[in-house]
Amino acid sequence: MDLMDRLKEASEYLKKQTDSKPRIGIVLGTGLGGLVKEIQIEKQIPYNFIPHFPISTVESHFGMLIFGKIGDKEVVAMQGRFHFYEGYSMQQITFPLRILKLLGIETLFISNAAGGLNPDYRKGDLMILDDHINLQTSNPLIGPNRNEFGPRFPDMSAPYDKELITKAAQFAAEQNIPAHTGVYVAVTGPNLETRAEYRFLRTIGADVVGMSTVPEVIVANHMGLKTFAISVITDECNPDTLVPVKVEEIIRVATEAEPSLTKILKHLILSL
Ligand code: HPA
């Protein structure tokens, strides 16, 4: 079945399930599902009920599409996302974003856990994404262009919305939340990086490294969505002092920093 037909079937199914008309989409990362508690939930739909939707395979991710309100803003949130390392194609990873666009979203918020490459960044700090580097060896826009969604050669001179970046940085400063602004590099994973790789990633201009977000942001930009993304620094990746990191520790740090991240996202959402 053609992508467009699959997307139509999925979005029509969802439109039958809810009268909600969200203008805001949210993708919640590893250990960062707390924003869901701020949503007055109108409808929750497990991913496996939605036609053609991929199914999340990572234990720390729930697979639930949540419709509801934060304050007076209607939102749709993805609790659980899809990663390239799980074996999905780039098209599968970004399929849900296309659906959210068909449901009417105009702004997209993304969170993720990432390793800190910038030596000034500490474990537990946040980083607002200002730019990214795609090292995932693939791209969700490869293949016939979907003119209904956007141009063949989308501009990437400012993939993250400047106004939202400024607002987030100002709010974090007011609230004494440690938040940097910087560059995210996306790798495939699933292994963490070697010391030589961390050194390389820092040299090419990245401040943090992670295994998600960039495919979604590329597709969001293709579709003209206003995009904001924020990382929790879950481990410090200094090649000279590197210690082994466990995924449990990454999730623990993400969970600890999550309330600050939620505060920022909520503030931005209410300001729209
Ligand atoms: N590397 C890649 N992805 C990550 C890391 C890391 O060090 N920490 C959290 N996600």
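Each value in this text was obtained by applying a stated rule to the coordinates, not by laboratory testing. As the structure is a prediction and not an experimental result, all values here were calculated from the model. We place every Cβ from the backbone using ideal geometry, glycine too, and count neighbours over all the protein chains shown.
Between the residues L265, T181, V232, the greatest Cα displacement towards the positive end of the dipole of the chain, with unit charges on the Cβ of Lys, Arg, Asp and Glu, is found for L265.
A simple spin-label model places pseudo-atoms 7 Å from Cα toward Cβ; at R122 and K69 they are separated by 4.0 nm. You can think of it this way: the chain between Y85 and A158 has 23.6 nm of extra reach, that is 0.36 nm per residue less the Cα-Cα gap.
Spherically averaged projected area of the convex hull of Cα atoms, the chain: 13.3 nm².
Relative to the longest principal axis of the Cα atoms of the chain, the long axis of helix 3-17 makes an angle of roughly 80 degrees. The residue list I66, S20, F49 was ranked by how far each Cα lies along the charge dipole of segment 1-72 toward its positive end, using unit charges on Cβ atoms, and S20 comes out on top.
For the residue pairs K73/K101; K73/K162; K69/K123; K16/K226; K15/K266; K101/K162, the alpha carbons lie more than 23 Å apart in K69/K123; K16/K226; K15/K266.
Counted over segment 9-163, the DSSP beta bridges are approximately 60% antiparallel.
What does the charge dipole of the chain about its Cα centre add up to, to the nearest 20 debye, if the Cβ of each Lys and Arg holds +1 and the Cβ of each Asp and Glu holds -1?
Dipole about the Cα centre, nearest 20: 540 debye.
When the chain is modelled as a GNM with alpha-carbon springs shorter than 10 Å, which of R152, R202, R81 fluctuates the most? Of R152, R202, R81, the most mobile in the Gaussian network model is R152.
How high is the FRET efficiency between I142 and I204 when r is their beta carbon distance and R₀ equals 22 Å, given to the nearest 0.05?
Numbers: r = 22 Å, r/R0 = 1.01.
The calculated FRET efficiency here is 0.50.
In this rough spin-label picture, where each label sits 7 Å from Cα along the Cβ direction, the E249-R195 distance is 1.6 nm. When the chain is described by a simple charge dipole with +1 on each Lys and Arg Cβ and -1 on each Asp and Glu Cβ, the residue from H132, A220, F84 located farthest towards its positive end is A220.
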